[in-house]
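The values are calculated or read from the model by the stated rules, or taken from the named source; none is laboratory data. Owing to the predicted nature of the structure, the values given are computational and were not obtained by experimental measurement. For neighbour counting, all protein chains shown are included, and Cβ atoms are generated from backbone atoms with ideal geometry for every residue, glycine included. Ligands, DNA and RNA are stripped out before the accessible areas are found, and what is left, the full protein with its side chains, is counted by its heavy atoms. Shrake-Rupley method; radii C 1.70, N 1.55, O 1.52, S 1.80 Å.
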Amino acid sequence: MSEAQGETADHGGAAREGTAGAGASSTGTTGSTVTDPGGSPGTGTSPDSGTSPDSGTSPGTGTAPSGRPEGKRLHPVTPWRRAWAPVAGLVAFSAHDFERTREWFTHLTTGWLIAAFAVLLPVAAAYGFFSWWFTSYLVTDTELRIRTGLVFRRTAHIRLDRVQAVDVGRPLLARVAGVAKLKLDVVGTEAKDELAFLGEREAVALRAELLARAAGIAPEAAPEAGEAPSREVLRVGTRTLVTGLLLMGTGWGALLATLLVPTVVYLASGSVLGALAALVPALGGVWAATGGRFLKEYDWTVAESPDGLRLDHGLLDREHATVPPGRVQSVRITEPLLWRSRGWVRVELQIAGAGKDKGGVLIPVAPRGEAAVVLARVLPGVDLAGAAGAAVPVPRRARWCAPLLWRGYGHGATDSVFVTRSGLISRRVTLVPHAKVQSVRFEQGPWERRMRLADVAVDHGANGWTAARLRDVEEARALVHAQAERSRTGRREAGPERWMTGGGGDAQAPASESAAGCEGAPGPAAGRPKDQPKGDGTPPTG
Amino acid sequence: MADAGQSTGSPGNATGAAEPDGRWNGVERALLRVRRLVLLCTLLPLAAVTALPLWLTAGPAWAAFGLLPLAAVAWGWGALGRNWRSWRYVERADDLLISRGVLWRQLTVVPYGRMQLVEVTSGPLERRYGLARVQLHTAAATTDATIPGLAPDEAERLRDRLTELGGARSAGL
């Protein structure tokens, strides 16, 4: 590459730096910092908390052990969510060591029981109460702060401009109680950084406020901005979902294993217990592949709004996720064998900071055409057919490296995404936007070298990678450098992190925003008519 | 540690295809010395521990098993040398290239703007031989960009330069 290109890249980088936030180089993409105030009032509260609703409390009281910490409290039902834990512990213990438990219980007298309850109940109640009392959250202009901890105080500051997704979950029991939990997906947050539980209405209002602030809407308008209007793009019918699940190989495979393995174990060992021990995990597998997925993916709805994509799903546990624009690190389109005649696909997406337990499903099952429409919203300017068509098969000699499988491999690149294809029975197409590529690797084993082949892998920010396998070695070498170049420049065309601040001050933003924003969707300004006048007056950094 | 394999132009194993606009730097020869030392310190005692009891209990013929670790030493000696020669890196205008491996070759390209932090570490043995290791972290945990065996001065220079370039070109996720 030439020196001139280096120069332009430099200016672009500097321009972005000015608007995207000066903290980027030091704090990196990790949007969450955890502090342990340890009694010093200064660390827990930074000066910018002035506009927070509850900041009437002086910073000093926040860390005093007896005082009520600033911020809002969780829903009073929260302490009860762990009430089942001691009971479960007792049951597990007695199941584990039945004889001893029975021995104990024969020794227990009424007096002992009363004494135990007289001690245990108040302790448990006090623990529940204080853990609730000392947990609070606070929304400032730039952060969500969560304070927890009775003995070991912990304050998590979650930067709103780094938000990758907002999840609101309502498990079955929580729905009965009318509460919900809210979690911000930010790189570096942990499972305990979720707000569980809030009142349902409160959770929705908080989500709207957090998104409004993260979007860069003027701070004074953010609390009243309300939910941005959304438009349904796709709803998966129950019939389609069930048919799709029935046509998946995994459920049937698990069922076959459930029938076969315990039978074999029984025939081989003759022990019923052994067969049962083999049956239980197998049944779990069947449940996860069929019933569990049905419950989770029931009534799957994809809607679009200026705040990004909204996903709602679940039969018993309702879950909601909002993924702001430009947060998707990678998309995978899977096409199981039996779905092909119907033209159905499954689409998964990866977001940085999402927990490992989450499958990251975008569409559980949908016709290709409808999936393409949703995909165009997720990755603006990406055409599913075009991207899949861009994948070029590998050279024929690759069959010596990966017999049979070589037919499935393919790779291509469009203007905006890196495309790889793999799989024979279940075809997978993976798309990684160039702007999300963190590093590029060229890899070659001894056998591949003999065949003059090589792999090119790209790493993206959701702790994943995808590889274009078995390319011709010359092509792979050129590809490494071309991809590094594309991912470097691709970043500049991406939309701003605060997606409502398109016209803030970044000279490149207006053009790139319209290119990267929702194509064919109601534009950001139209979507939030209430806040449009404030949009331009917003300082870029909030 | 003067000779650091400062080969210019295209490297022998040629994992870099497009000619980079910089010089490929090798790593310090001391790294090879440390690694060979570790090899000797583990395998030679192992050879002794294998051969001696066998000699005493089963006879001298069985003691030939002690030659296996010695053969591993002989092979490892050469392999470490080849591996050491394969490590090289180059700073280009916009990205850092790290190339390594003999049988399994790998070339990693990290654009400066994607670096989240640069880490310089030096263990006791490495310090004894005047070595340091520079590791680059991006937002992707799978990024494997480590340069072992740099002179501490060079490691610090590289760290400062990378931080400076990373700061100028930094980008979010």
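If you go through segment A:338-346 one residue at a time, do you hit one that is among the small types (Gly, Ala, Ser) and open to solvent by less than 30 Å² (accessible area, probe 1.4 Å)? Break it down stepwise before answering.
Looking only at segment A:338-346, we keep the residues that are among the small types (Gly, Ala, Ser), and these are A:341, A:343.
Subsequent filtering for residues that are open to solvent by less than 30 Å² (accessible area, probe 1.4 Å) retains A:343.
The answer is yes, given that some residue of segment A:338-346 is among the small types (Gly, Ala, Ser) and open to solvent by less than 30 Å² (accessible area, probe 1.4 Å).
From the set of residues in segment B:116-138 that are closer than 24 Å to A:Gln438 by Cα and open to solvent by less than 20 Å² (accessible area, probe 1.4 Å), which is farthest from the other protein chains (Cβ to nearest Cβ)? Even if it seems obvious, please write down each step before you answer.
Applying the first criterion (closer than 24 Å to A:Gln438 by Cα) to segment B:116-138 yields B:116-121, B:133-138.
Okay, now just the ones that are also open to solvent by less than 20 Å² (accessible area, probe 1.4 Å), so B:134, B:136, B:138.
Details: B:Val134: 15, B:Leu136: 8, B:Thr138: 4 Å.
Among those residues, the one meeting the criterion is B:Val134.
May I ask you to verify whether A:Thr489 is of a type in the set (Val, Ile, Thr), within 24 Å of B:Leu96 (Cβ to Cβ) and either not in a strand (DSSP E or B) or not assigned by TED's automatic domain parsing to the domain that holds A:Leu405 (or both)?
Numbers: of a type in the set (Val, Ile, Thr): yes; within 24 Å of B:Leu96 (Cβ to Cβ): yes; either not in a strand (DSSP E or B) or not assigned by TED's automatic domain parsing to the domain that holds A:Leu405 (or both): yes.
Spelling it out, A:Thr489 is indeed of a type in the set (Val, Ile, Thr), within 24 Å of B:Leu96 (Cβ to Cβ) and either not in a strand (DSSP E or B) or not assigned by TED's automatic domain parsing to the domain that holds A:Leu405 (or both).
Could you please tell me which pairs satisfy a Cβ distance under 7 Å, a separation of 6+ or placement on different chains, a first residue in segment A:184-202 that is open to solvent by less than 30 Å² (accessible area, probe 1.4 Å), and a second residue that is of a type in the set (Phe, Trp, Tyr)?
These pairs meet every condition: A:Leu195/A:Tyr137.
Got a number for residues in segment A:117-144 being out of contact with any Ser or Thr (no Cβ under 6 Å at 6 or more places or on another chain) and either within 14 Å of chain B (Cβ to nearest Cβ) or in a strand (DSSP E or B) (or both)?
Going through segment A:117-144 one residue at a time, the tally reaches 5.
Take B:Ala132 and decide whether it is small (Gly, Ala, Ser) and touching a Pro at 6+ places or on another chain (Cβ under 7 Å). First the steps, then the outcome.
On the way: small (Gly, Ala, Ser): yes; touching a Pro at 6+ places or on another chain (Cβ under 7 Å): yes.
Yes; evaluated as a whole, the condition is true for this residue.
Which one of the conditions (1) touching a Ser or Thr at 6+ places or on another chain (Cβ under 8 Å); (2) part of a helix (DSSP H, G or I) does A:Leu234 fail to meet, given that it meets all the rest?
With respect to (1) touching a Ser or Thr at 6+ places or on another chain (Cβ under 8 Å); (2) part of a helix (DSSP H, G or I), A:Leu234 is out only on (2).
Given the options A:Ala385, A:Ala354, name the one that is among the hydrophobic types (A, V, I, L, M, F, W, C), within 14 Å of chain B (Cβ to nearest Cβ) and open to solvent by 30 Å² or more (accessible area, probe 1.4 Å).
Working: A:Ala385 fails: within 14 Å of chain B (Cβ to nearest Cβ).
That would be A:Ala354, the only listed residue that is among the hydrophobic types (A, V, I, L, M, F, W, C), within 14 Å of chain B (Cβ to nearest Cβ) and open to solvent by 30 Å² or more (accessible area, probe 1.4 Å).
Do we find that A:Thr63 is in contact with a Pro (Cβ under 6 Å, 6 or more places away or on another chain), open to solvent by 60 Å² or more (accessible area, probe 1.4 Å) and either on the phi > 0 side of the Ramachandran plot or at pLDDT below 70 (or both) in this structure? Spell out how you get there, then give the answer.
On the way: in contact with a Pro (Cβ under 6 Å, 6 or more places away or on another chain): yes; open to solvent by 60 Å² or more (accessible area, probe 1.4 Å): no; either on the phi > 0 side of the Ramachandran plot or at pLDDT below 70 (or both): yes.
The answer is no for A:Thr63.
Quick one: is A:Arg397 assigned to a helix (DSSP H, G or I), of a type in the set (Lys, Arg), in the same structural domain as A:Thr466 (by TED's automatic domain parsing) and free of Cβ contacts under 8 Å to residues at least 40 places away in the same chain? Lay out the reasoning, then the answer.
Details: assigned to a helix (DSSP H, G or I): yes; of a type in the set (Lys, Arg): yes; in the same structural domain as A:Thr466 (by TED's automatic domain parsing): yes; free of Cβ contacts under 8 Å to residues at least 40 places away in the same chain: no.
Criteria not met by A:Arg397.
Given (1) modelled with pLDDT of 90 or more; (2) at negative phi, identify the lone condition not met by A:Leu470.
A:Leu470 satisfies all of (1) modelled with pLDDT of 90 or more; (2) at negative phi except (2).
Looking for whichever is among the charged types (D, E, K, R) and over 30 Å from A:Ala208 (Cβ atoms) here; the options are A:Asp141, A:Asp97. Which one fits? So that I can check it myself, show each step before the final result.
Numbers: A:Asp141 fails: over 30 Å from A:Ala208 (Cβ atoms).
Unique residue meeting the criteria: A:Asp97.
Scan segment A:449-472 for residues that are facing chain B (nearest Cβ under 9 Å), more than 25 Å from A:Ala352 (Cα to Cα) and open to solvent by 20 Å² or more (accessible area, probe 1.4 Å) and jot them down.
Once the filter is applied, which keeps residues that are facing chain B (nearest Cβ under 9 Å), more than 25 Å from A:Ala352 (Cα to Cα) and open to solvent by 20 Å² or more (accessible area, probe 1.4 Å), segment A:449-472 yields only A:Arg449.
Away from every other protein chain (no Cβ under 12 Å) and loosely packed, with under 15 Cβ neighbours inside 10 Å - does that describe any residue in segment B:80-95?
Yes, the conditions are met somewhere in segment B:80-95.
Which one of A:Ala354, A:Ala303, A:Ala321 is assigned to a loop (DSSP other than H, G, I, E, B), in contact with an Asp or Glu (Cβ under 6 Å, 6 or more places away or on another chain) and closer than 29 Å to A:Ala177 by Cα? Quick ask: steps written out before the conclusion?
Values: A:Ala303 fails: assigned to a loop (DSSP other than H, G, I, E, B); A:Ala321 fails: assigned to a loop (DSSP other than H, G, I, E, B).
Only one candidate passes the filter, namely A:Ala354.
Just one of B:Pro69, B:Pro148 is open to solvent by less than 10 Å² (accessible area, probe 1.4 Å), in contact with a helix residue (DSSP H, G or I) (Cβ under 9 Å, 6 or more places away or on another chain) and either at negative phi or within 14 Å of another protein chain (Cβ to nearest Cβ) (or both); which is it? Even if it seems obvious, please write down each step before you answer.
On the way: B:Pro69 fails: open to solvent by less than 10 Å² (accessible area, probe 1.4 Å).
Selected residue: B:Pro148, the only one of B:Pro69, B:Pro148 that is open to solvent by less than 10 Å² (accessible area, probe 1.4 Å), in contact with a helix residue (DSSP H, G or I) (Cβ under 9 Å, 6 or more places away or on another chain) and either at negative phi or within 14 Å of another protein chain (Cβ to nearest Cβ) (or both).
Could you pull out the residue among A:Leu349, A:Leu309 that is within 17 Å of A:Val429 (Cβ to Cβ), buried (at least 22 other Cβ atoms within 10 Å of the Cβ) and not assigned by TED's automatic domain parsing to the domain that holds A:Gly249? Can you show your working first?
On the way: A:Leu309 fails: within 17 Å of A:Val429 (Cβ to Cβ).
The match here is A:Leu349.
Check whether at least one residue in segment B:45-62 is polar (S, T, N, Q), under 23 Å from the mean Cα position of the chain (by Cα) and open to solvent by 50 Å² or more (accessible area, probe 1.4 Å), and report yes or no. Please lay out each step first, then the result.
Pass one, segment B:45-62, residues polar (S, T, N, Q): B:50, B:57.
From what is left, the residues that are under 23 Å from the mean Cα position of the chain (by Cα) are none.
No, every residue in segment B:45-62 fails to be polar (S, T, N, Q), under 23 Å from the mean Cα position of the chain (by Cα) and open to solvent by 50 Å² or more (accessible area, probe 1.4 Å).
Looking only at segment A:209-267, filter to residues that are surrounded by 14 or more Cβ atoms within 10 Å (Cβ to Cβ) and charged (D, E, K, R); which one of those is nearest to A:Arg498 (Cα to Cα)?
Residue satisfying both the conditions and the ranking: A:Arg213.
Restricted to segment B:96-112, and to residues that are within 7 Å of another protein chain (Cβ to nearest Cβ) and open to solvent by 10 Å² or more (accessible area, probe 1.4 Å), which residue is farthest from B:Arg161 (Cα to Cα)? Show your work before the answer.
Of all residues in segment B:96-112, those within 7 Å of another protein chain (Cβ to nearest Cβ) come to B:103-111.
Keeping just the survivors that are open to solvent by 10 Å² or more (accessible area, probe 1.4 Å) gives B:103-106.
On the way: B:Leu103: 31, B:Trp104: 29, B:Arg105: 26, B:Gln106: 24 Å.
Restricting to residues being within 7 Å of another protein chain (Cβ to nearest Cβ) and open to solvent by 10 Å² or more (accessible area, probe 1.4 Å), the top hit is B:Leu103.
From the residues in segment A:417-448 that are among the hydroxyl-bearing types (Ser, Thr, Tyr) and more than 11 Å from every other protein chain (Cβ to nearest Cβ), which one is least open to solvent (accessible area, probe 1.4 Å)? Before the answer, list the steps.
So the first thing to find is which residues in segment A:417-448 are among the hydroxyl-bearing types (Ser, Thr, Tyr), and the list is A:420, A:422, A:426, A:430, A:439.
Then drop every residue that is not more than 11 Å from every other protein chain (Cβ to nearest Cβ), which leaves A:420, A:422, A:426, A:430.
On the way: A:Thr420: 6, A:Ser422: 29, A:Ser426: 37, A:Thr430: 21 Å².
The selected residue is A:Thr420.
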